[in-house]
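A short reminder: the numbers here are calculations on the coordinates, not readings from a lab. The shown structure was predicted, so the numbers you read here are calculated from the model rather than taken from an experiment. Neighbour counts are summed over all protein chains in view; Cβ atoms, including those assigned to glycine, are modelled from backbone coordinates with ideal geometry.
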Amino acid sequence: MTRTALQQGLDDAGRKALRRAVRMEWATIAFLAVTIPVVGIVTGSSQAMRAAWIEDMLSLAPPVAFLVAVRVMSRAATPRYPYGYFRSVGVAHLVAGVALLTMGAFLLIESASTLVRGERPPIGSVEIFGQSVWLGWFMMAVMAATIPLPIWFGRVKMRLARQLHNKVLYADADTNKADWMTAVGSIVGVGGIGLGLWWADAAAAIFISGSILWDGVKNTKGSITDLMDTRATTFDDVEPHPDIDRIHDHLSSLGWVDEVRTRTRDQGQFFHVEAFVRPRKGRMPRLSQLERASAECRELDWKMHDVVIVPVQKFPETASARSGES
């Protein structure tokens, strides 16, 4: 991988993490390329297995979106796109979220309808070496085999998502969690049919559909708020990003600064920061001081891709103080 605009913005650890993330996404696609047809072969008439199969196909969306976003966001800024192409991460996040939301809603309605109608899915048998074997055993064996790798994928991607501040990667890690939970749910559903609990299959499908729907709602909401320039948050959208306070603390420590307010937007891995500073009386900063302060803020974290410092007498109403301050 060449030193693109994206990689030049990362530190050495970040570039290493990005390369590993790309390898993990290709490994995920390879795993799903094998899993999807195998699960499709043994699905039969089980509603839970069908939901699991569709969920596996949907699981392709986040890794593909991540790989496309990495390619696009690596392009250098142009006069037409002066902020670069970093927003492609947000677009990819939205695509993955909408795909999960749409299919989760569809499967939930269909599974609930099946349960209400009281449909009893038949699971037949196959002849192997002259012996009749219940097909449910094959279904459960296949789903059990798909559990270990998604658990590992999810844990590794979660660490990388935190390190890279990449919300598409976080969405994919969340999807991997849903993958193995889906596999467990389908095993329970098929096993329930074998025990004579006809409703277990539809109930498991509802559980799987609800998991997909929740992932879709959470990721769609997060991607939309980021694209609408909400205040920058951590990679999991739990709290304001700590780098905002780091900017406040550093600028407040400068001798010519009286007070600081910021507006920070998340452009997808990188932040664009507008820092409004009110100079101390009689201490109007020189141009060289402003440039040095901006450079020092960018050095605080590689995510600080673009920092603009504006001396003002009155702060914009939308500018934010340090976390915990009014």
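Restricting the trypsin sites (Lys or Arg not before Pro) of the range 254-318 to loop positions (DSSP other than H, G, I, E, B) with no more than 14 neighbouring Cβ atoms within 10 Å leaves Arg280, Lys281, Arg283, Arg286, Lys314. Note on Asp237, Asp249, Asp226, Asp172: ascending count of other Cβ atoms within 10 Å places them as Asp249, Asp237, Asp226, Asp172, the fewest first.
Amide H contacts under 5 Å for Leu10: none, restricted to partners 5 or more places along the chain or on a different chain, H placed in the peptide plane at 1.01 Å from N.
The long axis of helix 12-42 is offset from the longest Cα principal axis of the chain by roughly 20 degrees. Distance from the Cα centre of the range 258-320 to that of the range 162-191, in angstrom? Using only Cα atoms to place each centre, the spacing works out to 39 Å. Mean projected area of the Cα convex hull of the range 78-229, taken over all directions, amounts to 12.0 nm². Using only side-chain charges placed at the Cβ, +1 for Lys and Arg and -1 for Asp and Glu, the dipole size of the range 5-227 relative to its Cα centre rounds to 960 debye. The C-alpha atoms of the chain occupy a region whose extents along the principal axes are 94, 42, 32 Å, arranged from largest to smallest. For the range 177-284, the mean projected area of the C-alpha convex hull, equal to one quarter of the hull surface, is 8.7 nm². Between amide H atoms placed 1.01 Å from N, distances below 5 Å from Glu259 occur with Arg278, all of them 5 or more places distant or on a separate chain.
Sequence-ordered 3J(HN,Hα) estimates for the range 128-136 from the Karplus curve with 6.51, -1.76 and 1.60 and θ = phi - 60° stand at 10, 6, x, 10, 7, 10, 5, 5, x Hz, glycine and proline given as x. For the range 80-145, trypsin sites (Lys or Arg not before Pro) are listed when DSSP marks them as loop and at most 14 other Cβ atoms sit within 10 Å of their Cβ; the list is Arg80. With contributions of -39500 (n - 2.57) from each DSSP H run of at least four residues, the per-residue ellipticity at 222 nm computed over the chain stands at -21000 deg cm²/dmol. Across the range 242-311, Cα-Cα pairs farther apart than 14 Å form 53% of the total. Toward the positive end of the charge dipole of the chain, with +1 on the Cβ of Lys and Arg and -1 on the Cβ of Asp and Glu, the farthest Cα among Trp180, Gln289, Trp214 is that of Gln289. The calculated P(r) of the range 125-201, using every Cα pair and 10 Å bins from 0, goes 19, 33, 24, 16, 7, 1 in percent.
Taking amide H positions as modeled 1.01 Å from N, with prolines and chain starts lacking one, the residues under 5 Å from His305 and 5 or more places away or on another chain are Phe271. For the range 267-274, putting each phi into the Karplus relation 6.51 cos²θ - 1.76 cosθ + 1.60 with θ = phi - 60° gives couplings of 9, x, 6, 10, 10, 10, 10, 10 Hz, in residue order, rounded to whole numbers and with x for Gly and Pro.
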